[in-house]
Structure formats: structure tokens, C-alpha cells
Amino acid sequence: MFAFNFNKIAMPIFYEKVALNTFLKSVKNQNTTIGFVPTMGALHQGHLSLMQQSLKENNHTVVSIFVNPTQFNNSDDLTKYPRTLSQDVEKIQQLHSDIIIYAPSTEDIYEGHVHAEKFDFDGLENQMEGKFRPGHFDGVGTIVKRLFEIITPDKAYFGEKDFQQLQIVKKMTQKNNLPVSIVACPIFREPNGLAMSSRNERLTPQQRQEASLIHQTLLQAKERFKNKSLMEAKEWVTAVFATHPTFELEYFEIADEETLTPCITPLKDKNYRAFIAVFVNNIRLIDTISLK
Ligand code: AMP
């Protein structure tokens, strides 16, 4: 599926923004574009598919690997987040030897002030993930803005897996007039339908298999929303997870794709999307599906 490139010498890895910036200035001119894929590492094929898209559309692709502390509202989640830099570098270099890797330290990004800026995302931040992860999107806005300043990409690639994050990044870009296009990339799934996630690594093989229920339930909820009713779909999803001891449902919501406000009465000219967050043995998994 991905082009492997063993022959060329790989790009150096940049650990400091000053060196990265100097390098990017030396390769950037009016006729070249820079594509950027921000990640927190523990890379899987979902991440690689974003890189693949950037490689297709740009002269240069930068991938950042940084576990951003200000977007974690739960310190345990931050501590347990997988950190696998050498394997990540190997995966990227196997995908394409020209990819520029930026793996900064917290100091290089935050310069001694590990704090999130406060953002107004016109209410997008108050729904779903925002309700259950207070401050999370301020952390996301802070790191994405900072990385955009350092890298000055022409295009930046974000997965629909984190659909609310995608809308928030679009909003921040638009409100701050940042000269970067945000490209939405489809969700990459495991063969059983489970959305790929770095957190899947923390599931046992059995939990990973059982977690396919999340996507299966979203697919069924889509049918119920179309053929029955909004309420029926929501109640059915709640009942499915209530009967499964492996899962603890945090939320299931059907919301307007643009504003992310919960759907109350479906309107013909609006696009809706289902969003879900579920715990499997304290590991929090999210997924989403378009209801079009
Ligand atoms: P993360 O490392 O989790 O911060 O993710 C980095 C980027 O990869 C984000 O834009 C995510 O939405 C995207 N991403 C994560 N998982 C997937 C997936 N399964 N399919 C597509 N994109 C993904």
C-alpha cells in the first residue's frame, strides 16, 4: 500500500525549531509547497496515510512527533501515552526518505512556560470532547498554532478520526487568518473496523477484537437514524453498551457537522455526524461516522 524507499539516505531529524526553521527557509521558495502532518507519535497506518497524502500534494513534507502535555487533562493518560520515537522514525523513513521529521523537546516548544493559551472557537470547544476533557482544545490550539508558526506550512493534514479537533483547527486558522489550508483525511481502520489509534496498543488482543463493536454500533446507529428516529438511535446505542461489561460509554452524540451542536430535530439541509467516546478497561477510545 505504501511505497517503500530503501535506497536514499534519509533526512536528518530535527530536535530544535531553530535548526528546522533554517533548513525549511533554505528549501522553500515561491514554487515549492510544504505539507505538514502533526502527530503525537506511536505511529500507525492512519498517521502514515496522512503523510502519504501530503507527499502527493507537496514538494516537502514535515512530520512532527510531540506528545503535547497541555492537551492532556488527565495526568495518567499523559504518563501512559506510548512513546516510541525510534520505531516511529523507522516507519517514516521506510515510507519516504525525504520526509522531514521534527521531534522537539517540551522546552523547545514551550520555552519554560508549559501553559495553554485560551481560545474562543465559537462554541465548538464546548461540545463532546470539550465537555469531558476540560482545557483539551486550548492545548490543541496552542500546539497547532505554535507548530504552524515554526513550520509555516502551505497545507496541514488532520484525520477525521478527531473530527472535533479538525473543525477546531479550521476555526483557529480562519479566525487568525493563518495562510495554511487544512486538509481533512479519512479514518483508517483495522481490518475489524476499529479506528486505528495509538491507544489501541494498550488494549489486550481480546479487547482489541471486542472493540470492533464501536464501529459496528456506529454503522447500525446510522441506519437507525435514517430509517427510524434520532431518539431511537441514541437509546439503542446506550442500551448496546449497557449490556457489555467490557465497555463504559462516556457519550454518544449526533451533531451538526459544522457547528457540532447536538441535533434535536434533523433538518434536510444539514449534515449530521455521530460521535462516540467509550472506555475499554480505562482506555478511552473515540470514533465518528458521517450520517449522510
Ligand atoms: P495523534 O498522533 O493521535 O495526535 O494523531 C495525529 C493525526 O493523525 C491527527 O490528525 C489524527 O486525527 C490523525 N489520525 C489518528 N488516527 C487516525 C486514523 N485512524 N485515521 C486517520 N487519521 C488518524
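Values in this text are rule-based calculations from the coordinates and carry no lab data. All of these numbers come straight from a predicted model, not from anything done at the bench. Cβ coordinates were reconstructed from backbone atoms using ideal geometry, including for glycine residues, and neighbour counts include every protein chain displayed.
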From the helices alone, meaning DSSP H stretches of at least four residues, give me the mean residue ellipticity at 222 nm for the chain, per-run term -39500 (n - 2.57), in deg cm²/dmol to the nearest 500. -11500 deg cm²/dmol
Let me see the pair-distance distribution of the stretch 126-229: every alpha carbon pair, 5 Å bin width, integer percents in order. 2, 10, 16, 17, 18, 15, 11, 7, 2, 0
The ³J(HN,Hα) series, computed from each phi in the stretch 281-286 with the Karplus coefficients 6.51, -1.76 and 1.60 at θ = phi - 60°, rounded to the nearest Hz and given as x for glycine or proline, is 6, 6, 9, 8, 10, 10
In sequence order, what are the phi-derived ³J(HN,Hα) couplings for the stretch 173-189 according to the Karplus relation 6.51 cos²θ - 1.76 cosθ + 1.60 with θ = phi - 60°, rounded to whole Hz, with x for glycine and proline? 4, 5, 5, 9, 6, 7, x, 9, 8, 9, 10, 8, 10, x, 6, 9, 10
Sorted by packing (mean other beta-carbon atoms within 10 Å per residue), highest first, where do 159-171, 13-25, 109-121 land? 159-171, 13-25, 109-121
Taking the alpha carbon gyration tensor of the stretch 33-147, what are the square roots of 5 times its eigenvalues, largest first, to the nearest whole Å? 26, 16, 14
What is the spin-label model distance, in nm, from ASN281 to LEU85 if the labels are put 7 Å beyond Cα along the C-beta direction? 2.9 nm
Whole-angstrom Cα spans of the stretch 198-290 along principal axes, big to small: 42, 25, 17
Reduced to Cα centres, the span from the stretch 230-292 to the stretch 25-67 in Å works out to 31 Å
In nm, give the distance between the simple-model label positions of PHE132 and VAL27, each being 7 Å from the Cα along the Cα-to-Cβ direction. 3.8 nm
Debye equation applied to the C-alpha atoms of the chain, log10 I(q)/I(0) at 0.09, 0.10, 0.15, 0.16 Å⁻¹: -0.45, -0.56, -1.24, -1.39
Taking R0 as 41 Å and r as the Cβ-Cβ distance between ASP120 and ASN227, the FRET efficiency 1/(1 + (r/R0)^6), rounded to the nearest 0.05, comes to 0.60
